[in-house]
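Here's the structure, in structure tokens; my notes come after.
Read the figures in this text as sums done on the coordinates, not as results from a lab. These figures come from a predicted structure and were not determined experimentally. Neighbour counts run over all protein chains shown; Cβ positions are idealised from the backbone, glycine included.
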Amino acid sequence: MIFLKWVEFAGFIPNFDPEMAFEADGNSHVAESAMHSSINHNLMKILDQKQIQQKIKRLAIEILESNFEEKELILAGINTTGLGFARMLHGELTSITAIPITLTRIRINPAAPLSQEIRIELPPEQLEGKAIIITDDVANTGRTLFYAMKPILSVLPRKVEIAVLVDRTHKSFPVKVDYFGLSLATTLMDNIDVQILDVEEQAVFLN
């Protein structure tokens with residue numbers, strides 16, 4: 001059994017077995033398409049589009065509450081899906097605050113973080129002294145988020161925080177998620193499928 005800690009309430013749903021797809025740098029759409037094609041009747045929807053939108057709104061409020069004194073926020077999405085999640089947060093944040101918010105992307109190969117250069121698509125000087133929020137769809141063991149901080153280590157930001165749509169609690173790396181839509185206590189064998197890009201209806205599934 002897998003126990004879920006929801007943001008709004010605590011619930012119990014048995015027999016979850018989620019699926020998570022890793023996207024390689026430059027091949028994210030291929031990875032996502034292959035993963036989506038494998039969806040079958042065993043998938044269980046745990047978040048629908050309306051619930052995802054509600055969580056995005058709440059996350060935007062939480063981020064603003066913790067950063068209302070900042071002169072600028074930088075949302076750094078990990079690869080294509082993380083950037084898509086950052087864009088969703090950006091849309092909500094810009095509707096509730098006049099603080100300038102910059103979008104950028106961190107390029108990393110989650111399956112083999114050291115196989116190629118980890119890059120952030122902003123000049124280092126634009127990161128100096130800024131509040132940076134690294135975003136991704138899922139925080140799994142924490143490895144991808146851990147290595148995604150590498151390009152930021154060459155500068156001195158004001159602070160670095162992490163926001164994800166789904167946070168899995170079994171971390172293997174020293175990573176703390178500051179903002180999450182849904183927290184899951186799962187086993188290492190469980191997988192999560194977050195569908196928020198190029199789909200008719202956004203959803204999060206457990207297989």
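A few remarks follow.
- Cβ-defined net charge surrounding P151, 10 Å radius [Lys, Arg +1; Asp, Glu -1]: +1
- Charge dipole (Cα centre; +1 on Lys/Arg Cβ, -1 on Asp/Glu Cβ; no other charges) of segment 46-118 amounts to roughly 280 debye.
- Global geometry of segment 54-159, whether rounded, prolate or oblate, following the gyration tensor of its Cα atoms and the 1.5 cut on a/c: oblate
- Evaluated with a Cβ-only charge set (Lys, Arg +1; Asp, Glu -1), segment 48-179 carries a dipole of roughly 300 debye about its Cα centre, given to the nearest 20.
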